[in-house]
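Student: Supplied in structure tokens, the structure appears directly below.
The values are calculated or read from the model by the stated rules, or taken from the named source; none is laboratory data. Fair warning: this is a prediction, and the values are worked out from it, not measured in the lab. Please note: Cβ atoms are built from the backbone with ideal geometry, for glycine as well, and neighbour counts cover all protein chains shown.
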DNA sequence: TTGTCAATAAATCAATCCTGTTGACTAATG
DNA sequence: CATTAGTCAACAGGATTGATTTATTGACAA
């Protein structure tokens, strides 16, 4: 009865399905939604009325020119909900405010030698407070997502402080919305799934080449987390030679060979071309191997390659992976299509923000 | 209103969930079902009344001895529904009638040099007709499932007749129930999931060692088929050395080394022990490799090994796989538990019968 | 060229149905 | 008599159904 209906985030499965369809296919008229969901037109009328009232959908200009009554496409309301994303990296921590259609509205970042719990907490708390202050009271923040590499303490003794530090729980203290945390490579996959600009099948594997190689698995249009929240650990997949994917197809491996560390943006990658070419060739062999493994196991039609790497490198990596895959034996399976991701360096922070989005707005997202 | 309600096979998701719970956990009182499903006791009362009326559940003897009103456990009605399974093999075609609790009620088989479409059709049609004749008119046959290796024509030129032959469609002609067809290794997995006697997690990978090695994937308690119905093609997974799992861990490989073919039962496996030991060692390396790949990809806690092999061989294979897996690098993942399957040679035919069962009685099964 | 009307399609109204919940209640036991 | 299993009756939410309204294009006759 009161106006706090505006804060209702507990959408039904059918409401989620409608929002998800509009997110993926763009503005849709009610009739198309009825057809796509299998619900009756009447149900769509009721559900969309509620979604429009609550500010999640906008009703667009009527489309004329076809036989019959003109249709009114419904699109996502950009301010329908806002999401905070926090990305922890090796050199860089980022915080972003992302709107309902995936646009980054605020972005802050901080460089460091290595991340410390205190430093990250201070950066995040201060940044979040500043962002919250700047928002109108009617803004609806659904939650905070954190993208972080797992097992930070394996990076060296100076990272021991992370061992018993529960970043999500500590940040959740005092915040009026829930906090989610996932592996950074999984969030990159989530970002491609939810905000990605490429057309992707309902099932795909996502390979993300950053300091370490990692990945994500999407089945039936949903990011697979796994019973111990460790699915999509593609970096840990075994490859021939007694190694794992991340031993080969990681930027850290390239850095070792270059003898210097690469900056957290696309500048400064210029170096001996043959070293990079060699790294690409070896990485592609490994990527093709795990891509084919995933296909045999899951009947995946597409593999997406992305990473915190320059577009030209990503392109070369994808091309080389296609070539390498053609050389591998594939009796009994169809080799998957290899495509490039669309988000590059922004994938992980966008994916962090996508965690609360998926929880509240994607079908099957709310498990709590 | 009429009595043909007895033939209603279109159960709701909640009815399916109840049957699935009873199938996996054994007889359960209504209160336990309410607790497990999250439904209200009243809803369970209504749903179970309908399931009992329709002959899917039986109400057992009341259990006394605990505080409070005694409970009446509900169990699966063995005649709740019947299922036909047809298994195509290299030397043997089998047909079985399986009841609601997974008991084989009728079994017929025929040996051949190699399967031909005509021969299989004749065997199946005649066998099915005979079985149908012998049943009381009140029996309810839900469907026929077929377990067959894919790509039969790859076996040699004498198998070319299978190339354009749609066995499922041809058998469906004239049958009053639907026909399902899957890869034989996938059906073995389905059998373990639905009729298996071992306690398994909701997610596991199933490896089935028969003439060729194959497998199945279970996620969230459901057999994964894949968009092109080729998921669980574990035999096609690449392994080190430019080969695929089925090149190594197949009975056909062992037969080549023995220089003779092994019979379609557990007799006659006696041969040079060192040849079998060598085959087991190599196979275990390959099995461990793909098991670890699957775990990295999907966060699988358990791998089941089964096959058309003697129990002792299966045991040795599982043991060797555990040992081999301990040698593989597993940074960032937890090695899965390796367990033995419980169905051995009967897995594929039971799994064939489990296809219509899953379609009509498991949650999320009916997609048609 | 223009007026009229059938066909088509989008969307809604009102009534109803189905499925599940709620709260009060009965039953049987240690 | 506290505890647990189970049911009865009323009700609520979310969907469907079938009739109805609205807005348009396209064909055809004047």
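Student: Please give the number of the condition residue A:240 fails out of (1) more than 27 Å from residue B:202 (Cα to Cα); (2) free of Cβ contacts under 8 Å to residues at least 60 places away in the same chain; (3) more than 9 Å from chain B (Cβ to nearest Cβ).
Tutor: For residue A:240, the failing item is (3).
Student: Can you tell me which residue within the range A:46-56, out of those that are away from DNA strand C (no atom under 11 Å from the Cβ) and more than 9 Å from residue A:80 (Cα to Cα), is surrounded by the most Cβ atoms within 10 Å (Cβ to Cβ)?
Tutor: As a first pass, look at the range A:46-56 and keep what is away from DNA strand C (no atom under 11 Å from the Cβ): A:50-51, A:53-56.
After this cut, where a residue has to be more than 9 Å from residue A:80 (Cα to Cα) as well, the list is A:50-51, A:53.
Working: A:50: 16, A:51: 21, A:53: 11.
If we take residues in the range A:46-56 being away from DNA strand C (no atom under 11 Å from the Cβ) and more than 9 Å from residue A:80 (Cα to Cα), then A:51 is surrounded by the most Cβ atoms within 10 Å (Cβ to Cβ).
Student: Within the range B:57-66, does at least one residue satisfy the condition of being more than 13 Å from DNA strand C (Cβ to nearest atom), in contact (Cβ under 8 Å) with a residue 12 or more places away in the chain, under 23 Å from residue B:359 (Cα atoms) and surrounded by 19 or more Cβ atoms within 10 Å (Cβ to Cβ)?
Tutor: Step one: of the range B:57-66, the residues more than 13 Å from DNA strand C (Cβ to nearest atom) are B:57-60.
Pick out the ones that are also in contact (Cβ under 8 Å) with a residue 12 or more places away in the chain and you get B:57-60.
Restricting the remaining residues to those that are under 23 Å from residue B:359 (Cα atoms) gives B:57-58.
Those left that are additionally surrounded by 19 or more Cβ atoms within 10 Å (Cβ to Cβ): B:57.
Looking through the range B:57-66, at least one residue is more than 13 Å from DNA strand C (Cβ to nearest atom), in contact (Cβ under 8 Å) with a residue 12 or more places away in the chain, under 23 Å from residue B:359 (Cα atoms) and surrounded by 19 or more Cβ atoms within 10 Å (Cβ to Cβ).
Student: Just give me the residues in the range B:334-355 being in contact with a strand residue (DSSP E or B) (Cβ under 8 Å, 6 or more places away or on another chain) and under 30 Å from residue A:149 (Cα atoms), in sequence order. Step through it out loud before you land on a result.
Tutor: Residues of the range B:334-355 in contact with a strand residue (DSSP E or B) (Cβ under 8 Å, 6 or more places away or on another chain): B:336-344, B:346-355.
If the condition is that a residue be in contact with a strand residue (DSSP E or B) (Cβ under 8 Å, 6 or more places away or on another chain) and under 30 Å from residue A:149 (Cα atoms), then B:336, B:337, B:338 are the ones that fit.
Student: OK, next. Can you list the strands (runs of 3 or more DSSP E) found entirely within the range B:79-184 that contain at least 3 residues being farther than 29 Å from residue B:10 by Cβ?
Tutor: Numbers: elements: B:82-88, B:92-98, B:104-111, B:141-148, B:179-183.
Because the criterion is at least 3 residues that are farther than 29 Å from residue B:10 by Cβ, the strands (runs of 3 or more DSSP E) in the range B:79-184 that meet it are B:92-98, B:104-111.
Student: Okay, moving on. May I ask you to list the residues in the range B:205-225 that are under 12 Å from the mean Cα position of the chain (by Cα) and more than 30 Å from residue B:279 (Cα to Cα)?
Tutor: If the condition is that a residue be under 12 Å from the mean Cα position of the chain (by Cα) and more than 30 Å from residue B:279 (Cα to Cα), then B:222 is the only one that fits.
Student: Please determine, by comparing only the residues of the range A:332-368 that are in contact with a helix residue (DSSP H, G or I) (Cβ under 6 Å, 6 or more places away or on another chain) and under 30 Å from residue B:235 (Cβ atoms), which one is surrounded by the most Cβ atoms within 10 Å (Cβ to Cβ).
Tutor: Among those residues, the one meeting the criterion is A:336.
Student: Same structure, new question: Return yes or no: is residue B:38 within 14 Å of chain A (Cβ to nearest Cβ) and within 16 Å of DNA strand D (Cβ to nearest atom)? Steps first, answer last, please.
Tutor: Details: within 14 Å of chain A (Cβ to nearest Cβ): yes; within 16 Å of DNA strand D (Cβ to nearest atom): yes.
Yes; evaluated as a whole, the condition is true for this residue.
Student: Would you mind stating whether residue A:31 is within 8 Å of DNA strand D (Cβ to nearest atom) and more than 28 Å from the chain's Cα centre (by Cα)? Break it down into steps so the answer makes sense when it comes.
Tutor: Values: within 8 Å of DNA strand D (Cβ to nearest atom): no; more than 28 Å from the chain's Cα centre (by Cα): yes.
Here the answer is no, as residue A:31 does not meet what is asked.
Student: Could you please give the count of residues in the range B:74-90 that are touching a strand residue (DSSP E or B) at 6+ places or on another chain (Cβ under 6 Å) and either closer than 19 Å to residue B:176 by Cα or touching a residue at least 40 places away in the same chain (Cβ under 8 Å) (or both)?
Tutor: Taking the range B:74-90 first, the residues touching a strand residue (DSSP E or B) at 6+ places or on another chain (Cβ under 6 Å) are B:74-75, B:77, B:81-88.
Subset that is either closer than 19 Å to residue B:176 by Cα or touching a residue at least 40 places away in the same chain (Cβ under 8 Å) (or both): B:74-75, B:81-88.
Result for the range B:74-90: 10.
Student: Output the residues belonging to the range A:291-333 that are facing chain B (nearest Cβ under 9 Å), touching a strand residue (DSSP E or B) at 6+ places or on another chain (Cβ under 8 Å) and not in a loop (DSSP other than H, G, I, E, B).
Tutor: Selection gives A:292, A:293, A:294, A:295, A:296, A:297, A:298.
Student: Further question: With the structure loaded, tell me whether residue B:234 is in contact (Cβ under 8 Å) with a residue 60 or more places away in the chain and either within 8 Å of chain A (Cβ to nearest Cβ) or closer than 30 Å to residue A:233 by Cβ (or both) or whether it fails that test. Break it down into steps so the answer makes sense when it comes.
Tutor: Values: in contact (Cβ under 8 Å) with a residue 60 or more places away in the chain: yes; either within 8 Å of chain A (Cβ to nearest Cβ) or closer than 30 Å to residue A:233 by Cβ (or both): yes.
Criteria met by residue B:234.
The rows are residues; the columns are (1) within 14 Å of chain A (Cβ to nearest Cβ); (2) out of contact with any helix residue (DSSP H, G or I) (no Cβ under 7 Å at 6 or more places or on another chain); (3) within 16 Å of DNA strand C (Cβ to nearest atom).
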{"site": "B:78", "(1), (2), (3)": "no, yes, no"}
{"site": "B:89", "(1), (2), (3)": "no, yes, no"}
{"site": "B:94", "(1), (2), (3)": "no, no, no"}
{"site": "B:112", "(1), (2), (3)": "no, no, no"}
{"site": "B:133", "(1), (2), (3)": "no, yes, no"}
{"site": "B:150", "(1), (2), (3)": "yes, yes, no"}
{"site": "B:153", "(1), (2), (3)": "yes, no, no"}
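Student: To continue, here is another question. Select, from A:23, A:49, A:6, the only residue that is part of a helix (DSSP H, G or I), modelled with pLDDT of 95 or more and either touching a helix residue (DSSP H, G or I) at 6+ places or on another chain (Cβ under 6 Å) or away from DNA strand D (no atom under 16 Å from the Cβ) (or both). Steps first, please.
Tutor: Details: A:49 fails: either touching a helix residue (DSSP H, G or I) at 6+ places or on another chain (Cβ under 6 Å) or away from DNA strand D (no atom under 16 Å from the Cβ) (or both); A:6 fails: modelled with pLDDT of 95 or more.
Result of the check over A:23, A:49, A:6: A:23.
Student: Something else about it: Got a number for residues in the range B:61-77 being over 28 Å from the mean Cα position of the chain (by Cα) and more than 8 Å from DNA strand D (Cβ to nearest atom)? Give the steps one after another, and end with the answer.
Tutor: Initial filter on the range B:61-77 (over 28 Å from the mean Cα position of the chain (by Cα)): B:61-72.
If we keep only those that are more than 8 Å from DNA strand D (Cβ to nearest atom) as well, we get B:61, B:63-65.
Selection size over the range B:61-77: 4.
Student: For the range B:185-204: of the residues being under 14 Å from the mean Cα position of the chain (by Cα) and assigned to a loop (DSSP other than H, G, I, E, B), which is nearest to residue B:81 (Cα to Cα)?
Tutor: Taking the candidates together, the pick is B:196.
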